[in-house]
1. Look at Thr80 and say whether it is within 11 Å of the ligand (Cβ to nearest atom) and among the polar types (S, T, N, Q).
2. Check every one of the strands (runs of 3 or more DSSP E) wholly within the stretch 1-91 and list those with 1 or more residues that are free of Cβ contacts under 8 Å to residues at least 24 places away in the same chain, of a type in the set (Ser, Thr, Tyr) and surrounded by fewer than 16 Cβ atoms within 10 Å (Cβ to Cβ).
3. Which one of Arg109, Arg105, Arg118 is farther than 21 Å from Val163 by Cβ, part of a loop (DSSP other than H, G, I, E, B), of a type in the set (Lys, Arg) and at pLDDT below 90?
4. Given Thr159, Thr144, Thr94, which one is touching a strand residue (DSSP E or B) at 6+ places or on another chain (Cβ under 7 Å) and modelled with pLDDT of 80 or more?
5. Taking the stretch 5-31 as the region of interest, how many residues are in contact with an Asp or Glu (Cβ under 9 Å, 6 or more places away or on another chain), within 16 Å of the ligand (Cβ to nearest atom) and over 14 Å from Pro89 (Cβ atoms)?
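The values are calculated or read from the model by the stated rules, or taken from the named source; none is laboratory data. Just so we're clear, the structure is a prediction, and the values are computed from it rather than from any experiment. So basically every Cβ, Gly included, is an ideal-geometry build from the backbone, and we count neighbours across all protein chains shown.
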Amino acid sequence: MKPLPLPALSPADVERFWSKVDRSGGPDACWPWRAGCTADGYGSVRLRISRGRWGSYRAPRVALTITSEFVSHEAFVCHTCDNRRCCNPAHLFTATQAENLLDMRRKGRGTPMPRPVRKPLGKGSRLDAARVIAMRERYLGGETIASLMRSFGVSRNHTTRVVKGTSWRNLGAAV
Ligand SMILES: [Zn+2]
């Protein structure tokens, strides 16, 4: 499911947002969302889209969007800290940036990506972190599951779990 583009936020909206984030741990700590969460554990915030219309958005995506120059609403927002409530922009990155991190790691620079905590489901998997990210980006770009399963050589179930974020969760699900 593609997330909705964020509505334009007023300074008061931004202030209201940060008032629900616990930033007491300092710049390097996780900043947990103190208000409601989605069923799968991400901080959830309601924002006004237009007069009388409200939408629910994931708090980490809002945090990254209001602190970064530009975050495509189609990009994945991922956590380096594996803490779904965390809204510290220093712990958040988009899938495109994740690819950069993987690339830097291959070149021996930067901090290592977190290791997969769980093997992808299914036998004979031909996926690794970079391919998982590529698959999710192509899915968000509109490619079908049938096309992705052929292209990556994995089963339909496996492809579905990857793009929906139920496997390879450590790379972050679509936010
Ligand atoms: Zn964190």
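1. On the way: within 11 Å of the ligand (Cβ to nearest atom): yes; among the polar types (S, T, N, Q): yes.
Taking the combined requirement at face value, the residue satisfies it.
2. Strands (runs of 3 or more DSSP E) meeting the threshold: 53-58.
3. Only one candidate passes the filter, namely Arg109.
4. When all the criteria are applied, what remains is Thr94.
5. The number of residues fulfilling the criteria is 0.
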